[in-house]
Amino acid sequence: MSAKNIQLVVLDMAGTTILDEHEVEKCFKLAAQKNGLNSNDDRILALQGYAKLHVFKTLWAEQLGEKDPSISQRANASYQDFTEILENHYLNHEIKPTEGCLELFHYLHQEGIYIALTTGFYRKVANIILDKIGWGKSLNQNFMNIHNKRGIHLSVCPDEVNGEGRPSPRMIELAMSRFGISNKSQVINVGDTPVDLAFGKNAGVRLALGVCNGTHTRNQLEVYPHDGLLNNLTELIPIIEKINHEKI
C-alpha cells in the first residue's frame, strides 16, 4: 500500500453502522422525563453522538443554570436511569446494520483496510450491541482483532480514553495507535451527527464524512464543516477507490 492510501476507516455505531430509528433519543427522553428534566426532541437530537453523561450535565445546566449545585447529582441519577432503559432496549430488540454497511465492510476486508467503530456509548452497551449483531465475538480484551476477516477490527468507547468522548479526537487517535498508523491522511472518519463531523475534523484525518441515512438528514448536516456527505455507506467505496487506485 502507498503511504497515501487509506488504511483505516473509523465509523460511528448507532445511526451510521447500526440502524437507529431514534431509539436512543427515545430512551434518553424517558430517563429525562423520569427525573424532571425538560428537554425537547430537537435539543436531544442536536446532542446525539456526545457521551451521554456529558449530555445530561449540559441539559441540566441549561434548565437550572450553570451554577446550580445539584447539576452533577441530577445528571448522575438521570444517566443511571438512562443506562438501564438503554440496556433493556438493546437486549430485547433486534439489532440490524444500516443500509450499505455490510457492503462497505465486505469491500474494506477485501482491500485490507482496517475497520474501527467508535461511539458515545459506554462499554457495556457497546458490547451488548456488538455481541448481538455478531461483530464482537472474536475481539480480545482490548476489543480488537487485527486479523478479523468479517465484522470489525476494533471497538473504541469513551471508557478507553478516560471518558473523553466526541468531539475530542482521542478515540480516533487511540484507534490509529492500536494499528500503528501515524499518518492521518490514511484515515477516514464517518458518522451521522454534527459532533461526528467535528470529531473527524478535530482529529485532522483525510476525510470527515457524514452519512445521511442515520439520525440526521442531509439538510441538518450540510451546515456543519465536512468533507462530503453520503446517502449511505456504499458511497464511501468509490471515494476510497479513487484515493487508493488513482493516486490522488
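Computed about the Cα centre, the dipole magnitude for segment 45-193 is approximately 340 debye when only Lys and Arg (+1) and Asp and Glu (-1) carry charge, each at its Cβ.
Excluding same-chain residues fewer than 8 positions from residue 4, which aspartates and glutamates have a Cα within less than 12 Å of its Cα? By straight Cα distance, residue 4 reaches 246. Near the amide H of residue 224, within less than 5 Å, lie no amide hydrogens of residues on another chain or at least 5 residues away, with H placed in the peptide plane. Projecting label points 7 angstrom from Cα along Cα→Cβ for residue 177 and residue 42 puts them 4.1 nm apart.
When DSSP beta bridges are restricted to pairs lying wholly in the chain, around 10% turn out antiparallel.
Annotation for segment 153-222 versus segment 91-116: alpha-carbon center distance of 16 Å. With 0.36 nm allotted per residue and the present C-alpha distance subtracted, the residue 67-residue 87 stretch has 4.0 nm of extension available. Compared with the dominant principal axis of the Cα atoms in the chain, helix 236-245 is inclined by about 40°.
When +1 charges are put on Lys and Arg Cβ atoms and -1 charges on Asp and Glu Cβ atoms, the dipole computed for segment 23-92 relative to its Cα centre reaches about 140 debye. If you count Lys pairs in segment 74-196 whose Cα atoms are under 26 Å apart, skipping same-chain pairs closer than 8 places in sequence, the total is 10. For the chain, the 222 nm mean residue ellipticity estimated from helices alone, with every DSSP H stretch of n ≥ 4 adding -39500 (n - 2.57) and the total spread over all residues, rounds to -13000 deg cm²/dmol. Partners of residue 29 within straight-line reach, counting lysines whose Cα lies under 17 Å from its Cα and excluding those fewer than 8 residues away in the same chain: 52, 57.
Residue by residue, segment 90-104 carries 3J(HN,Hα) couplings of 5, 5, 10, 10, 5, 10, 10, x, 6, 4, x, 5, 5, 5, 5 Hz when phi is fed to the Karplus relation 6.51 cos²θ - 1.76 cosθ + 1.60 (θ = phi - 60°); x denotes Gly or Pro.
No value in this document is a laboratory result; all are computed from the given coordinates. What you see is a predicted model; the values in this text were computed from it and never measured. Reconstructed Cβ throughout: ideal geometry from the backbone, glycine too, with neighbour counts over all protein chains shown.
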